[in-house]
Structures are given as structure tokens and as C-alpha cells.
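Visitor: Quick one: this structure, given as C-alpha cells, is what I'll be asking you about.
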Amino acid sequence: MEEHFYTEYRTRITSFLQTNGTLLAHYQIKEVQLKAEDILLKQGTAPKGVYILASGLVKVTRTTAAGQVFTLGVFGPGEVEGDVEALMHMPHFCTVQALTACRLYHLTSEVFLEMLAQEQEFNLLMHRSMASKMLNTSLQSSIQNTNRLYFTLLIVLRELSRLNELQISKPLLTELLGTSQRNLNRLLRQLEEENLIQVKGTLVTHLDRLRIEKRIETYDFEVQ
């Protein structure tokens, strides 16, 4: 049985918008540019509409009442942010920050809801995107806790490898994984032994994306 972690459903939303200039004009959908480290959405603030990532990479975090910050994921093109808040009429649940230069489509909450009601193809793509997030969460949760960090590192490396302008450094990986330098070094050594990556000093200097993707596809079926 093959697994692809369903990220392709999100990229289809971007492709749909990029090839429908008439639709963009009709709903007055604007493009937004972000620089690396810019904050797109801030946890607890009033909704700013819905953003669909066309290019670049964003990090999603949530801060607990005790002040602990957890990284929920690193996402690429096709990621939709603010959709749940638009549907639920609630403040932003997470903080979303650009890791690289990003280009996004911005829809007001009213336009987003109108498109769900009026545009059948867009509605279906959005439902598939949300379903893919649920499936991915279920797949990740099925992995034993002792092995989840390894799997998360594979996912992060795959996403970062798609962005040539972003150096993959140990400090960056430590921050994204929310782990210690010691744990990260242990995981990187394991990946080196599996010939998935090469590390020199503080940088991941080479990785085999195809082999990493195949490892992701098969990993959860190997966990007993």
C-alpha cells in the first residue's frame, strides 16, 4: 500500500487560482508578498481573511497558556490559512510566519464564504484540502511517540529541500522540531547512516529527496 501524505490536494488549490484569472478578477482576489520572518497571522487576533500560499514556505506555531511555543508544521504552496477562522467566526488559532519570501492569494472572509457557496470546483478543492489535513494528522498520530520526531524530521527536510534559497542548518531544524541539539544530532546521524543526507559542520549540505519521500511513504507501516 502506498502513502503520499495527501499534500497534493493543497497544491491543486494554488494551480486552480493561478489558471483562473477571470475568477481572481471577479472576486477581487489580491496577491500579497511577504519577506522571510514576516508574521502573516497572529494567534488570538481578529480574523484577517483567508490566505492561500502560492509560493514559499511558512511555519505554523501555537503558544500555550503557560507560554510554551509548539511548532505545528512547516508548509509549502497550496497551504490555506485562516479558513477555519472564517468558517467558525473565531480569532486566529495559530501564528503563521514566513520562513522565506512568500506570495499568497488573499480573500476576505466574505469572499471566501461566497466562493464556497457559488464555485463548485473551489468548494470541492477546499473540502479535499481540509480532509487531507485530517488524514495527515491521523497518519502522523499513528506513529509511536518514540519515533515521531524522526518522521517529523523527514517531513521538514522534504519541505525545505524544495526551497533552494533556504539554507538547511542545525539551528533551523532544532527550532522547527522543537527539540534539543543532542536529539537532532542523533537523528541526523541516523539519516546519514541511511544515506539520505550529508552533514558538514552545522549545515545539511546534501539530501536525496526521492529517497526521503520514499522513506516517508513507507515509514509508518514499519513501526510496530
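The values are calculated or read from the model by the stated rules, or taken from the named source; none is laboratory data. Quantities reported herein were computed from a predicted structural model and do not represent experimental measurements. Because the Cβ atoms are built from the backbone with ideal geometry, glycine has one as well, and the counts that use them run over all protein chains shown.
Visitor: With respect to the numbered conditions (1) without any contact (Cβ under 8 Å) to a residue 24 or more places away in the chain; (2) within 17 Å of the chain's Cα centre (by Cα), which one is the sole condition not fulfilled by residue 103?
Guide: For residue 103, the exception is condition (1).
Visitor: Would you please name the residue that is nearest to residue 37 (Cα to Cα), looking only at residues in the range 175-194 that are in contact with a strand residue (DSSP E or B) (Cβ under 6 Å, 6 or more places away or on another chain) and modelled with pLDDT under 90?
Guide: Across the range 175-194, the extreme among qualifying residues is 176.
Visitor: Anything in the range 192-216 that is within 21 Å of residue 167 (Cβ to Cβ) and polar (S, T, N, Q)? List them, or say none.
Guide: Those that are within 21 Å of residue 167 (Cβ to Cβ) and polar (S, T, N, Q): 198, 202, 205.
Visitor: Consider only pairs whose beta carbons are under 7 Å apart and that are at least six residues apart or on different chains; among these, list those whose first residue lies in the range 195-221 and is modelled with pLDDT under 90 and surrounded by 14 or more Cβ atoms within 10 Å (Cβ to Cβ) and whose second residue is assigned to a loop (DSSP other than H, G, I, E, B) and β-branched (Val, Ile, Thr).
Guide: Matching pairs, first to second residue: 220/143.
Visitor: Here is a further query. Residues being within 18 Å of the chain's Cα centre (by Cα) and either closer than 14 Å to residue 105 by Cβ or crowded, with 19+ Cβ neighbours inside 10 Å (or both): count how many of those fall in the range 35-53.
Guide: Of the residues in the range 35-53, the ones within 18 Å of the chain's Cα centre (by Cα) are 35-43, 50-53.
Subset that is either closer than 14 Å to residue 105 by Cβ or crowded, with 19+ Cβ neighbours inside 10 Å (or both): 40-41, 50-53.
The number of residues fulfilling the criteria is 6.
Visitor: Look at the range 10-51 and say how many of its residues are of a type in the set (Val, Ile, Thr) and in contact with a helix residue (DSSP H, G or I) (Cβ under 6 Å, 6 or more places away or on another chain). Spell out how you get there, then give the answer.
Guide: Of the range 10-51, the ones of a type in the set (Val, Ile, Thr) are 11, 13-14, 19, 22, 29, 32, 39, 45, 50.
After this cut, where a residue has to be in contact with a helix residue (DSSP H, G or I) (Cβ under 6 Å, 6 or more places away or on another chain) as well, the list is 13, 50.
Of the residues in the range 10-51, 2 are of a type in the set (Val, Ile, Thr) and in contact with a helix residue (DSSP H, G or I) (Cβ under 6 Å, 6 or more places away or on another chain).
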